[in-house]
Amino acid sequence: MKTPLILPLLASALSLTSSLRADATIPPAASQQSPAAALPGKDLAQHDFLYAGESKDRKAFIIKQGKIVWSWDDPAGKGEISDAVLLSNGNLLLAHQFAVKLIAPDQKVLWNFDAPPGSEIHTAQAIGTGHVLFVQCGNPALVKVVNISTGETKKQFELPVGNPKSVHGQLRHARLTAAGTLLVAHMDAGKISEYNADGKEVWTTSSSGPWGVEPLKSGNVLITEKTGVREVSRDGKTVWSFAKTDAPDYPMTSLQLAWRLPNGNTVLNNWFNQWSGKLDRANPPIQAIEVTPDKKVVWALRSWENPDLGPATTLQFLDESSAPEKVSFGEFK
């Protein structure tokens, strides 16, 4: 199918207001019913950011200057959002367990790929405007590069996993590096591996239940594990770490992803599992924290009412313009 004309990046909040739900605007801080005032930072106004998470609902939000300026909801869909990336043209790429979608600012689905029966997709990344790379859990597990105009799989190779028959726990996050290689969090194999475009493993390091992996400008790798976050150099040394116990005033149950900001701070998500417990709205958990290199918490996000952002898995910071799709993988650019 021919890809529709891609709309420009959300030029201003005013141009999108007509398409937003009536409940999307955050009321003045004085009317909020959350304990956000007790937390460090500026609540939702700390950063402009994209927000989505693994939950029973599939929702994504764009927050600018403390207000939701765009949101997406898929009540009739299936699966949980594990990965979300806002591209420089305003389109949103989502991986929600049983499909990958490309969504325009006007909510139109520009492209969709359903996970084959018995497989799951928890991470995806656009390569330019014509291709999407994603990792497919299954037997076998696969890396795929698909042309979104034709639907053709242009590249595919298998990934090793710890348990081929237990699909859900195999793999989570993956990201392309500046060198055109792919970092993959092998959750059930206890390692982070880097692959070239031919599917050859070119680097690996052990990790305890890794969920997230993020390449840094320094060449180091930011890894999110069961116990915390580690920055690992290419010789396998941990050069910085943050454990859940390093912030005792901000209890964290499940870490999934972390991001290094331009100012050197690191943001960590804290995921709430809707399938294993009921949210205590009188004392809800934080959804993310920002820490300095010396581990001081300078921002904590907790927004479960007015607005309810839901569980946090992935954030993308929009304070500075960027083009996440400007990456390469072999011949694909």
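The values are calculated or read from the model by the stated rules, or taken from the named source; none is laboratory data. What you see is a predicted model; the values in this text were computed from it and never measured. All Cβ positions, glycine included, derive from the backbone under ideal geometry; neighbour counts span all protein chains shown. Protein only, heavy atoms only, side chains kept; ligands, DNA and RNA dropped before computing areas. Shrake-Rupley method; radii C 1.70, N 1.55, O 1.52, S 1.80 Å.
Under the 0.36 nm per residue contour assumption, what length would be gained going from the current alpha-carbon distance of Asp106 and Asp73 to full extension? Show your work: numbers first, answer last.
Details: separation 33, 0.36 × 33 = 11.88 nm, distance 1.23 nm.
Length difference between fully extended and current span is 10.6 nm.
Between Glu305 and Asn263, with labels modelled 7 Å along Cα→Cβ, what's the label distance in nm to one decimal, could you check?
The two pseudo-label positions are separated by 2.9 nm.
Between Ser88 and Ser208, what is the label-to-label distance in nm when each label sits 7 Å out along the Cα-to-Cβ direction?
Going from the Ser88 label point to the Ser208 one covers 4.0 nm.
List residues of the range 235-266, by number, whose backbone nitrogen lies under 20 Å from a label position 7 Å along Cα→C-beta of Lys326.
Zone members listed by number: 260-264.
List the residues whose amide H sits under 5 Å from the amide H of Val327, counting only those 5 or more places along or on another chain, with H placed 1.01 Å from N in the peptide plane.
Gly128
Out of the total accessible area of the range 260-311 (probe 1.4 Å, heavy atoms of protein only), what percent is carbon and sulfur? Please list the in-between numbers first.
Numbers: 1080 of 2240 Å².
Roughly 48 percent, rounded to a whole number.
Per residue of the range 107-117, in order, report the coupling 6.51 cos²θ - 1.76 cosθ + 1.60 (Karplus, θ = phi - 60°) as ³J(HN,Hα) in whole Hz, putting x for Gly and Pro.
6, 6, 7, 7, 7, 9, 10, 7, 5, x, x
Between Pro215, Pro117, Pro293, which gets the highest mean-square fluctuation from a Gaussian network model of the chain, Cα cutoff 10 Å?
Taking springs between Cα atoms under 10 Å, the residue moving most is Pro117.
For Ser241, which sequence-distant residues (separation of 5 or more, or a different chain) have an amide H within less than 5 Å of its own amide H, given hydrogens modelled in the peptide plane?
Under 5 Å from the amide H of Ser241: Glu231.
Extending each Cα 7 Å along its Cβ direction at Phe98 and Asp280, get the distance between those two points in nm, one decimal.
It is 3.3 nm.
For the range 250-263, in order, what is each residue's ³J(HN,Hα) by Karplus, 6.51 cos²θ - 1.76 cosθ + 1.60 with θ = phi - 60°, in whole Hz (x at glycine and Pro)?
These are the phi-based 3J(HN,Hα) values: 10, x, 10, 9, 9, 8, 10, 9, 9, 9, 8, 7, x, 7 Hz.
Apply the Karplus parameterisation 6.51 cos²θ - 1.76 cosθ + 1.60, with θ equal to phi minus 60°, to every residue of the range 160-175 and state each ³J(HN,Hα) to the nearest whole Hz, in sequence, with x for glycine and proline.
With coefficients 6.51, -1.76 and 1.60, one gets x, 9, x, 9, x, 8, 9, 5, 4, x, 6, 9, 10, 8, 8, 9 Hz.
Rounded to the nearest percent, how much of the accessible area of the range 116-167 (1.4 Å probe, protein heavy atoms only) is carbon and sulfur? Could the numbers behind the result be given before it?
Details: 940 of 2010 Å².
Using a 1.4 Å probe with all protein chains present, the range 116-167 comes out at 47 percent carbon and sulfur.
Please list the non-local residues whose amide H lies under 5 Å from the amide H of Gly190, H modeled 1.01 Å from N, same-chain partners needing a gap of 5 or more.
Gly209
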